[in-house]
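The structure appears right after this line, and notes come after that.
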Amino acid sequence: MSIELTHGHEHESHAAHDDHHDHKPTGFLNRWLFTTNHKDIGTLYLVFALLMFFTGGAMAMVIRAELFMPGLQLVEPDFFNQMTTMHALIMVFGAVMPAWVGFANWQIPLMIGAPDMALPRMNNWSFWILPFAFTMLLSTLFMDSGGPAAGWTLYPPLSLQGGQSFAFVVFAVHMMGISSIMGSINVIATIMNMRAPGMTLLKMPLFVWTWLITAFLLIAVMPVLAGAVTMLLTDHFFGTSFFNAAGGGDPVMFQHIFWFFGHPEVYIMILPAFGVVSEIIPTFARKPLFGYTAMVYATASIAFLSFIVWAHHMFTVGMPLTGELYFMYATMLIAVPTGVKVFNWVSTMWQGSMTFETPMLFAIGFVVLFTIGGLSGLMLAITAADLQYHDTYFVVAHFHYVLVPGSVFALMAGAYYWLPKWTGHMYSEKWGKIHFWISAISVNILFFPQHYLGLAGMPRRIPDYSTQFADFNMISSIGGFIFGASQLIFVGVIVHCVYKSRQAASGRVWEGAKGLEWILPSPPPYHSFNTPPVIDATTVAHAEQAH
Amino acid sequence: MQQLNRDEIAARRSRALKTAWLLAAVAILIFVAFILSGVLNS
C-alpha cells in the first residue's frame, strides 16, 4: 500500500480534482431509477420520506379536525379508525425510518471515508421497493373494505375482521420489512468493511455508531414482524388459528410477538436521532463531545434493553405479579443509559462557546422535549399507574413527544446541518429559525394538553368524546393545524436552498464542525473518497479515542 | 492519501459480500424459525 501523507486542505483540493471526473449518469431515468450512487439514493429516500411525512400529516389533520369538538362532524367512525391506523403506519414505516436510511446513505460513506455503500445495486433495490409498498398500502383506502382500521399494532381478533384489503396491508408490511433488512445489511457491511484505513471503530462518529446498532436491531426484529403478519394472513385467508381463539389460537400471543418487534422499533426510530444530536451539539458548542465512549456504550445498552421490556405495553392484559415487576423494573432501567446521554449532551454544552443556528436550535429542542417524553415513559412503566393510563391520550402524548419533537426534530436538525454540505448552498437562517420557533411552540400546544386528557380518562382511537374533554381537544387541534402548516416553511427553505440560494457553502460549512465529510467541498463530488483519506486528529472528531 | 491497490479493493468487496450473506441468512433464519415454532406449537 502506498501512502501519501496529506492533511485537510489538501484533501479538499484532491476531492475537487475528483469532481472533474464526476461521471454523473445522463438522463432522468439513468440518474434516478438505475442509480447506485449513495448520494442519489440518499436523496431519493429523503424526498420519499418527506412526501410520506406530508401524506401521514394530512391524515393527522383529518384526525385533529374531527376531534376539534365533540360529536361526529367530518368523517365516519370507521374512516376515522382507518386514518389513525394509516397515519401511524405511514409515519413509522414511510416517513421516519426511510428518512433515517436517507441520512445513512448520504452520511455513512462520507463519515467513514468510503467511496460508496458496500452493496450499491442492492441499495438501489432497497429504495425502489418502498414506493410500490406504499402504493399498495395507500390503495387499500380506495377498496370496498377500506384500509386497515385496527391500529398500527394490527391486534387480532379486530384486524382479522377486516376485508380483502388486509392481504394488501400484510404484503406492504412484508415489502417494507424486506427494504429495511436490505438497507440494514448494507449499513453493517459498509461500516464493517469499507472504513478508511485508520478509522477504527472507536474513532467513528456517533451517528455511524448509532446506525450500526440500529441496523442490528432491524435485522433482529423485522423478521419477527414479518412472521407475525404472515400468521395473521394465514389466519385470515387460509383457516389457520395461530391467533384465532375460536380455533384454539392465542390472541395475547400476538401482542407479545408484536411488542417484541414494536419496542425495539421505537429505538430504531430514536437511536439515529441520538447520533445526529451528538454530531450537532459539539459543533455549535465548539467543544468535543463529552463522554464519547460512554455514549457508545449507552447506545448499545439501550439497544440491548429494548429487547427485554416489551410487555410493559400490555400490563392490562394480565400477567403474573413477578412478570409485572420484572417488566416494570427492566423498563425503568432504560432511564440509566438514556440519562447518561442527556447528561453528556448538557455537559458538552456546559461552558461551550455556543451559537444558536437552526440545527442547534432543533438539537436543543430535541434534548428538552425528548426528555419530557422519556419522563412520561417512566410514569407509564409503573405497573399500577399504567392500569390507569393505558390506552388513554396520556400514552398518545408520551409517544408523540418521543417521536415528533424527538425523532422528527432530530431529522430537521440533521437536514439543516447537512443541507449546505449536500447542496453547496446555505439555506435561509432567518426562515430556518422561524420554522423552529413555530414548530417548537405549536408542537407543545398540540401534544402537552393530551397528557391532561389522558389523565382525565379520554381513551385513544375514538372519533367522539365526552364534552368534559372539549377544551383541551380544541387547543390540541389548533396546535396541530399550526404545526402542520409550519412544516410547509421547511419545504420552502429546502426548495430555496436547492434552487435559489446564492450563498455558496464552504467545505467545512460550520466553524466548529469536525469529521471527514467536512474535508470535502460542498457539494461533495459525485464520487468521493475513491482514494481513502488520512485519519488523524485534524480530520476526525474522536481521534483521541485511539487505543 | 492512502492508495488501496486492486487486491485490497477485491478483498474488501469479498468481505462485504460475506458479511451481507451472513446477515441475510440470520434474518431468514429468524423468520423461518419463528413461523416453524408457531406451526409446531399449534
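The values are calculated or read from the model by the stated rules, or taken from the named source; none is laboratory data. Being a predicted model, the structure only gives us computed values, none of them experimental. All Cβ positions, even for glycine, are placed from backbone atoms using ideal geometry, and neighbour counts span all protein chains on display.
Values as computed for the structure displayed
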{"read-out": "Members of the range A:74-121 found to be under 30 Å from A:Thr531 (Cα atoms) and either away from chain B (no Cβ under 14 Å) or among the hydroxyl-bearing types (Ser, Thr, Tyr) (or both), listed by number", "value": "A:Pro98, A:Ala99, A:Trp100, A:Val101, A:Gly102, A:Phe103, A:Ala104, A:Asn105, A:Trp106, A:Gln107, A:Leu110, A:Met111"}
{"read-out": "Any hit, the range A:463-481, residues being in a loop (DSSP other than H, G, I, E, B), among the small types (Gly, Ala, Ser) and buried (at least 20 other Cβ atoms within 10 Å of the Cβ)", "value": "no"}
{"read-out": "Top-ranked residue in the range A:485-517 [being of a type in the set (Gly, Ala, Ser) and in contact with a His (Cβ under 7 Å, 6 or more places away or on another chain); ranked as nearest to A:Thr538 (Cα to Cα)]", "value": "A:Ala505"}
{"read-out": "Flag if A:Gly339 is of a type in the set (Gly, Ala, Ser), over 26 Å from A:Ser278 (Cβ atoms) and in a helix (DSSP H, G or I)", "value": "no"}
{"read-out": "Condition check for A:Ala381: more than 23 Å from A:Ala99 (Cβ to Cβ) and in contact (Cβ under 8 Å) with a residue 60 or more places away in the chain", "value": "yes"}
{"read-out": "Residues (touching a residue at least 40 places away in the same chain (Cβ under 8 Å), more than 13 Å from chain B (Cβ to nearest Cβ) and surrounded by fewer than 23 Cβ atoms within 10 Å (Cβ to Cβ)) located in the range A:214-250", "value": "A:His236, A:Phe237"}
{"read-out": "A:Gly365, sole failed condition from (1) in contact (Cβ under 8 Å) with a residue 12 or more places away in the chain; (2) over 17 Å from the mean Cα position of the chain (by Cα)", "value": "(2)"}
{"read-out": "Single residue of the range A:499-511 satisfying the filter (buried (at least 18 other Cβ atoms within 10 Å of the Cβ) and either not in a loop (DSSP other than H, G, I, E, B) or not aliphatic (A, V, I, L, M) (or both)) that is nearest to the other protein chains (Cβ to nearest Cβ)", "value": "A:Gly507"}
{"read-out": "Where A:Tyr155 falls short, out of the listed (1) assigned to a loop (DSSP other than H, G, I, E, B); (2) within 14 Å of chain B (Cβ to nearest Cβ); (3) surrounded by fewer than 23 Cβ atoms within 10 Å (Cβ to Cβ)", "value": "(2)"}
{"read-out": "Residues of the range A:37-55 satisfying the condition of being crowded, with 22+ Cβ neighbours inside 10 Å and within 20 Å of A:Val396 (Cα to Cα)", "value": "A:Phe53"}
{"read-out": "Qualifying residue in the range A:470-480 (condition: touching a Pro at 6+ places or on another chain (Cβ under 9 Å), modelled with pLDDT under 95 and among the hydrophobic types (A, V, I, L, M, F, W, C))", "value": "no"}
{"read-out": "Flag for A:Pro532 being in contact with an Asp or Glu (Cβ under 6 Å, 6 or more places away or on another chain), closer than 20 Å to A:Trp106 by Cα and either buried (at least 20 other Cβ atoms within 10 Å of the Cβ) or away from chain B (no Cβ under 14 Å) (or both)", "value": "no"}
{"read-out": "Filtered residues of the range A:192-213 (kept if more than 10 Å from chain B (Cβ to nearest Cβ), assigned to a helix (DSSP H, G or I) and not aliphatic (A, V, I, L, M))", "value": "A:Lys203, A:Phe207, A:Trp209, A:Thr210, A:Trp211"}
{"read-out": "Hey, A:Ile302 in contact (Cβ under 8 Å) with a residue 60 or more places away in the chain and among the aliphatic types (A, V, I, L, M) or not", "value": "no"}
{"read-out": "Count of the range A:413-459 residues which are over 30 Å from A:Ile108 (Cα atoms) and not in a helix (DSSP H, G or I)", "value": "4"}
